[in-house]
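Values quoted throughout were computed directly from the atomic coordinates according to the rules given, and no laboratory measurement underlies them. Note that the structure is predicted; figures quoted are calculated from it, not measured. Glycine gets a Cβ as well: all are built from the backbone with ideal geometry, and neighbour counts include every protein chain shown.
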Amino acid sequence: MKSKSQSLLLRQIALHAILTPLAIIWLFPLWMMFVFSTMSDFGIFSPEIVLWPSTNFVENFKNLQADTDFIQAMFISIGVAAIYTFLSVLLTSMAGWALARYRFVGRSIVIGIILGTITLPFAVVVIPQFIMVAREFKLANTWIALIVPPLFNSLGVLFMRQAFSMMPGELFDAARVEGVKEWQIFLRIALPLARPTMAALAIILFLHSWNNYLWPLLINSKPGMMTAPVALGTLIGLTKVSWGGIMAGAMMLTAPILVVFVFLQRHFIAGIAAGAVK
């Protein structure tokens, strides 16, 4: 028994010895991004290697705010990402529930179409989507144009379908025998059981919306409707590039993602692990 515990301890030490350098390698670019956000443009391109923060972050942020109104862009990005994530998780959960628990004509065809849409690159549909939203519906430079077109996520539908398929059907049958309505079964039984999967999906969808650059760049041309990544991209000019402002903005763009993951990491890991076991 003692030898087994010692062997387990040695394995844990060896595992940490391997993973710690890998973690440092992964965190080093984030640290350097923070360091560069506190330096002037001249200091960033200095031949000396600097590993510790300087005192120029406030000045970099002031220049960033003066050039792009970055605070407003951040609020737009946060609002769009939060609304998009909530609505997309709700819609994909409903679609996944229908595909997992109901038998209807053409069900396999629908699943096949959803699988097929995953293989389509966004560049294939971006021009028709832009023409439809901007020209036909005249929704350019609106929140609706930012949120609604990418709302249905094929990967999210399959993600939730897998989660609902793993749940015991007898549980829902027993609820139906007791007279519980279908929408109550979905809201009060199925969704609470799928909470870890929904948290994992929410992180993925929030990250997708938060990092989305091409579609907001095309559909919103007014400065007051720019999302944070688009606003940050405007700092790259033909004759001048504000590297200090870009690093300060990149640091602010990274912070919300880290906060969301820290609060939901337990559910995220549980959701990913649940999706790997059937």
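Annotations for the structure displayed:
- Scalar couplings 3J(HN,Hα) for segment 185-192, obtained by applying the Karplus form with A = 6.51, B = -1.76, C = 1.60 to θ = phi - 60°, are 4, 5, 7, 9, 10, 5, 5, x Hz; x denotes Gly and Pro.
- The ranking of F130, F263, F206, F104 by Cβ neighbour count inside 10 Å, starting from the fewest, reads F104, F263, F130, F206.
- In a DSSP loop and with at most 14 other Cβ atoms within 10 Å, the trypsin sites (Lys or Arg not before Pro) in segment 164-253 are K181, K240.
- Against the chain, whose longest principal axis comes from its Cα atoms, helix 107-118 is set at around 10 degrees.
- Loop-located GluC sites (Glu not before Pro) in segment 144-243 (DSSP state other than H, G, I, E, B) with a sparse environment of at most 11 neighbouring Cβ atoms within 10 Å: E178.
- Computed from the C-beta positions of L120 and L10, the FRET efficiency with R₀ = 35 Å rounds to 0.10.
- For segment 58-275, the Kirkwood hydrodynamic radius from C-alpha pairs, put into Stokes-Einstein at 10 °C and a viscosity of 1.306 mPa s, yields a diffusion coefficient of 82 µm² per second.
- Lys, Arg +1 and Asp, Glu -1 on Cβ, resulting dipole of the chain about Cα centre, debye, nearest 20: 960
- Among V125, V58, V133, the ranking by other beta carbons within 10 Å of each residue's beta carbon, starting with the fewest, stands as V58, V125, V133.
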